[in-house]
Amino acid sequence: MKNFTTFTPQETAFTVSQLNRQIQQLLEASLPWILVEGEISNLAKPASGHWYFSLKDDKAQIRCTMFKNRNMAVRFQPKNGDLVRLRARVTFYGPRGDCQLGVESMESAGEGALQQAFERLKANLQLEGLFDDAHKKPLPSNPERVAIITSPVGAAIRDIVIAFERRFPLTELTILPSLVQGQDAAKNLLKQLQRADHSGHFDAIILGRGGGSLEDLWSFNDEALARAVFHARTPIVSAVGHETDFTITDFVADVRAATPTAAAELLSPDGNQLKQQINQQSRQLLLKMQRQLEQHQQRLDFLSKRIRHPKERIDLQQNQLNQLNRRLHSSLSQRLENQHTRLAHLHQRLLQSTPEESIKQQRKKLEDIDKRLTLALSHNLKNKQNQFAGLVEKLNLVSPLNILSRGYAITTKDGQVVNSTSSVRKGDKLRTRLVDGEIDCVVEEVMPHS
């Protein structure tokens, strides 16, 4: 006996659109944003710029849509078979009952490991000091020879050459072709870099390529290439990818340019600006030359006024000569008159210097001296007499004879003055001098005072 499901009259049936709307609300509410990895297949890129593809793994697939305003930020060109990581919103298209992903961003699923390797190498080289500004070489202000290491067929070389031709076409450009992507690209880049640097021919080197994914730019993250850039003697400009792309060579290079065009602009002066500067300097030079010409013209006019006819100059010199001649005659006459006066004076002195006159003058001088000497002797003798009288008077005051006149006597024994009773004995012969003579006597008794 078969079992049948019956419907009660109270149950409400969904329409298909109502059901799909309910499914859409449930899906979009429960899964707003998700990260999902898978392989691209059935990729379509119509003229609208939108991308349509399927994301699959070995067991299932789901359709995806990435609109133009979103896929423009993708840094690589996806293709069928690429493993990618998507950030997407689950959407449900009700009219067809289709579930799909609205993709917000896309990156290569292989970039995770590459990004980690990039960060490790960056940290190691930074720790060693390869990124320090102290090691950066300044760019030449107006390089004459520039080497460009890049792919000869890419957009980068075209942008660089166009920028140089537009700004300063006189710069000598040398293209050193190299692989910029793939297994041997790093070795190729290293070889060309060493070749350019060791030649010593170039003033600067541009190392670069166009934009791409991290995997596409990986050759510029090579450690050997980074160390070669660091040790290079030639200033190096790294111009890899777009402004948002960064590689190890960007950090090691002396200057990092946001784009290949920017690298060319860094190494080339602005031709229009140079023309303006030349024009300005030309105007300044012309103005300066005009000022100098005016100054020289004024000096020429001044000197022209000073120029005289030779006859005028001869007349002037003749007048000067006549004046000098008159001064010479006047000077000679004055000198001759002075000599005559001096000669007359000397003659007068000579007449006064005859032997008789000289003897007469000397005799007069002698008489004068004799008178002066006699007077001086008389005056000196009188002074001496006065001095002698004073001394005699002083001598008489202290003379022993003067003392004797007052009743004193001087007794001697054998010519020696006796001034003590201890120096005589009874019977000694003594001589006593008085004021008017001497007395000889004999000592009969010595009576010293007790």
Query raised in the report: When Lys and Arg each count +1 and Asp and Glu each count -1, what net charge do the other residues less than 12 Å away from residue 152, Cβ to Cβ, add up to?
Result: +2
Query raised in the report: Accessible area, 1.4 Å probe, largest first: how do 35, 217, 127 sort?
Result: 127, 35, 217
Requested in this report: For n ≥ 4 DSSP H runs only, could you compute -39500 (n - 2.57) per run for the chain, divide by its residues and tell me the 222 nm figure to the nearest 500?
Outcome: -16000 deg cm²/dmol
Query raised in the report: Between their Cα atoms, which of 136/191; 137/275; 136/187; 137/191; 137/187; 56/191 are more than 30 Å away from each other?
Result: 56/191
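Which of rounded, prolate or oblate describes the stretch 118-215 when judged by the alpha-carbon gyration tensor and an a/c cut-off of 1.5? Intermediate values should be presented prior to the final figure.
Working: a/c = 1.80, a/b = 1.27, b/c = 1.42.
Oblate, since a/c reaches 1.5 and b/c is not below a/b.
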Query raised in the report: With the other protein chains left in place, how much accessible area per residue, in square angstrom, belongs to the chain at a 1.4 angstrom probe?
Result: 72
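If you take the beta carbon distance between residue 363 and residue 296 as r and set R0 to 60 Å, what does 1/(1 + (r/R0)^6) give as a FRET efficiency, to the nearest 0.05?
Values: r = 89 Å, r/R0 = 1.48.
Efficiency, from the Cβ-Cβ distance: 0.10.
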Query raised in the report: Heavy-atom accessible area of residue 307 with all protein chains present, probe 1.4 Å, nearest 10 Å²?
Result: 130
Query raised in the report: So which trypsin sites (Lys or Arg not before Pro) in the stretch 349-416 are both in a DSSP loop and have at most 14 other Cβ atoms within 10 Å of their Cβ?
Result: 406
Query raised in the report: PRE reach from residue 45 (point 7 Å along Cα→Cβ): which of the stretch 73-89 fall under 19 Å by backbone N?
Result: 73-87
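Pop out the carbon and sulfur fraction of the accessible area of the stretch 275-394 as a percent, whole number, probe 1.4 Å.
Numbers: 6750 of 12220 Å².
Reported share for carbon and sulfur atoms: 55 percent.
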Query raised in the report: Using the Cα gyration tensor of the stretch 285-438, with a ≥ b ≥ c the square roots of its eigenvalues, what is the shape: rounded (a/c below 1.5), prolate (a/b larger than b/c) or oblate (neither)?
Result: oblate
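If you add up the charges near residue 38, with Lys and Arg at +1 and Asp and Glu at -1, over every other residue whose beta carbon is less than 12 angstrom from its beta carbon, what do you get?
Values: positive: 56, 59, 63, 85; negative: 37, 39, 57, 58, 82.
Around residue 38, the surrounding residues sum to -1.
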Requested in this report: For the stretch 156-267, just say rounded, prolate or oblate: build the C-alpha gyration tensor, square-root its eigenvalues into a ≥ b ≥ c, call rounded for a/c under 1.5, and beyond that prolate if a/b exceeds b/c, oblate if not.
Outcome: oblate
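Mind checking the stretch 267-346 for trypsin sites (Lys or Arg not before Pro) that DSSP puts in a loop (not H, G, I, E or B) and that have at most 14 other Cβ atoms within 10 Å?
On the way: sites: 275, 283, 288, 291, 299, 305, 306, 308, 311, 313, 326, 327, 335, 342; in loops: 308.
Sites meeting the loop and neighbour criteria: 308.
What do you get for Rg/Rh of the chain when both radii come from the Cα atoms and Rh is the Kirkwood radius? Present the calculation step by step, with values, prior to reporting the outcome.
Details: Rg = 69.2 Å, Rh = 37.8 Å.
Over the Cα atoms of the chain, Rg/Rh equals 1.83.
Can you list the chymotrypsin sites (Phe, Trp or Tyr not before Pro) in the stretch 63-95 that are in a DSSP coil and have 15 or fewer other beta carbons within 10 angstrom?
Values: sites: 67, 76, 92, 93; in loops: 67, 76.
Counting only loop positions with at most 15 other Cβ atoms within 10 Å, the chymotrypsin sites (Phe, Trp or Tyr not before Pro) in the stretch 63-95 are 67.
The values are calculated or read from the model by the stated rules, or taken from the named source; none is laboratory data. Given the structure is predicted, the values throughout are model-derived calculations rather than measurements. Glycine also receives a Cβ, built like all others from the backbone with ideal geometry; neighbour counts cover every protein chain displayed. For the accessible areas, the whole protein counts, side chains as well, though only heavy atoms, and no ligand, DNA or RNA atoms are used. Shrake-Rupley method; radii C 1.70, N 1.55, O 1.52, S 1.80 Å.
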